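Laboratory data are not the source of any read-out in this text; all were calculated from the coordinates shown. No experiment lies behind these values; they were computed from the predicted model shown. Note that each Cβ is placed from the backbone with ideal geometry, even for glycine, and that neighbours are counted across all protein chains shown.
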Amino acid sequence: MLSINPRIGFVGFGEVGFHMSCGLKQAGVERIFAYTRDLAGSAKSRKLRRYAQIAGVQLVPTLDELVAQSELIISAVNARGALKIAKEVAQLIGANGMFADLNNVVPAVKKEAAALIQAKGASFVDIALIEIPALVEHRALMYVSGDGAEEFCKVMSKFGMNIEVMVAEAGQAATVKALMNIYLKGMQALSIEVALSAYKASIPIGHLSLLVSRMTQNVPDEDEMAFWIGRGVLHAHRKTAEVKDIVNLMKGWGIDPLMMKATAKRLSAIAQYNLEDYIGENLHPEDSQSIFEVMDQIGRERGIGLH
Ligand SMILES: NC(=O)c1ccc[n+]([C@@H]2O[C@H](COP(=O)([O-])OP(=O)(O)OC[C@H]3O[C@@H](n4cnc5c(N)ncnc54)[C@H](OP(=O)(O)O)[C@@H]3O)[C@@H](O)[C@H]2O)c1
């Protein structure tokens, strides 16, 4: 059980650890500790100490000491170090402890870490950090799952943390993050491809940004993805042909249209289901769930494994 003003220990004191600590301290958390790799004497260490002082955080020299001092341990290292830290903390943590992992790792890693921590009687919180602490400190939106999620939310919301609890096992919050990343990383790659094409075609990118955002300006935010999915499904045959033409146009500009080639593949994969024939029966274009249920059904009938 966390106390009402829990002692918090960050493993890793980089961008996230620093900005979250600054906000939490200002919001009234009394004791925050941080452990990071031993850098005694180096310039990096001096910088760390300066940041710790700014944030009001006490640096501790060992992980043992961090775990001993903290009720809530937050792992903010990196994807490579996340499981190693969970294993080490599991050797040290007591049954009353709570371990929260906010690293961007795949769901299986969060599940493995949770099992190790829970085997010691401690609780585990899988944190998917959605917003950036460098912008909004500890108020960055986060999704949490795992057996410690509700208690974590109950205690830490009082300090202004913006927490959405998923009543689900560890790994589910990480799954949300992975899904978001499919979209965000895809958008990044696509934006680069559009901007590169605009540059080659001598069209200012500012014009395009405005035109693209106009497409959905009358669609409520929460319906935007369903809008694009529905339109893609309805016109998959036609759009596949159009995208193939654009692929050739881009090659003419001297661009390898990586994202557009993938788009043509995705649309033509959807087109083979002829989903437009099912509209009105049990498929409703504005309801993505109904689209994918019909795809599953067709997939089973035709023996299609991967959609
Ligand atoms: N930055 C964001 O806005 C954001 C958003 C969502 C999720 N995340 C996730 O949050 C985690 C932390 O991100 P960050 O931006 O704070 O990274 P960062 O600035 O690179 O900081 C990571 C910190 O962890 C330390 N560290 C790494 N491995 C360690 C180990 N094995 N033992 C002890 N300390 C270790 C690093 O020390 P060294 O300097 O010695 O390597 C550094 O102090 C990452 O998993 C990231 O994917 C970040």
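Tabulated data
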{"read-out": "Proximal charge balance of residue 201 [Cβ under 13 Å; K/R count +1, D/E count -1]", "value": "+1"}
{"read-out": "The range 75-142: GluC sites (Glu not before Pro) in DSSP loop, at most 13 other beta carbons within 10 Å", "value": "131"}
{"read-out": "In the range 152-233, lysine pairs closer than 26 Å at Cα, eight or more apart or cross-chain", "value": "4"}
{"read-out": "Estimated inter-spin distance, residue 213 and residue 95, nm [label 7 Å along Cα→Cβ]", "value": "5.6"}
{"read-out": "Within the range 209-307, GluC sites (Glu not before Pro) in DSSP loop having at most 11 other beta-carbon neighbours inside 10 Å", "value": "281, 286"}
{"read-out": "Neighbourhood net charge (15 Å Cβ-Cβ; Lys/Arg +1, Asp/Glu -1) for residue 240", "value": "+4"}
{"read-out": "Full-extension gain in nm, residue 307 to residue 192, via 0.36 nm per residue minus C-alpha separation", "value": "38.7 nm"}
{"read-out": "Positive-pole candidate from 225, 280, 236, dipole of the range 176-302, charges at beta carbon", "value": "236"}
{"read-out": "All aspartates and glutamates inside 13 Å of residue 25 as judged from Cα atoms, apart from same-chain residues fewer than 8 positions distant", "value": "137"}
{"read-out": "Under the Debye formula (equal points on every Cα, no solvent term), log10 I(q)/I(0) of the range 176-302 at q = 0.09, 0.13, 0.15, 0.20 Å⁻¹", "value": "-0.31, -0.65, -0.86, -1.33"}
{"read-out": "Chain lengthening between residue 79 and residue 108 when straightened (0.36 nm per residue, less Cα-Cα)", "value": "9.2 nm"}
{"read-out": "Efficiency of FRET from Cβ geometry, residue 258 and residue 87, R₀ 51 Å, rounded to 0.05", "value": "0.85"}
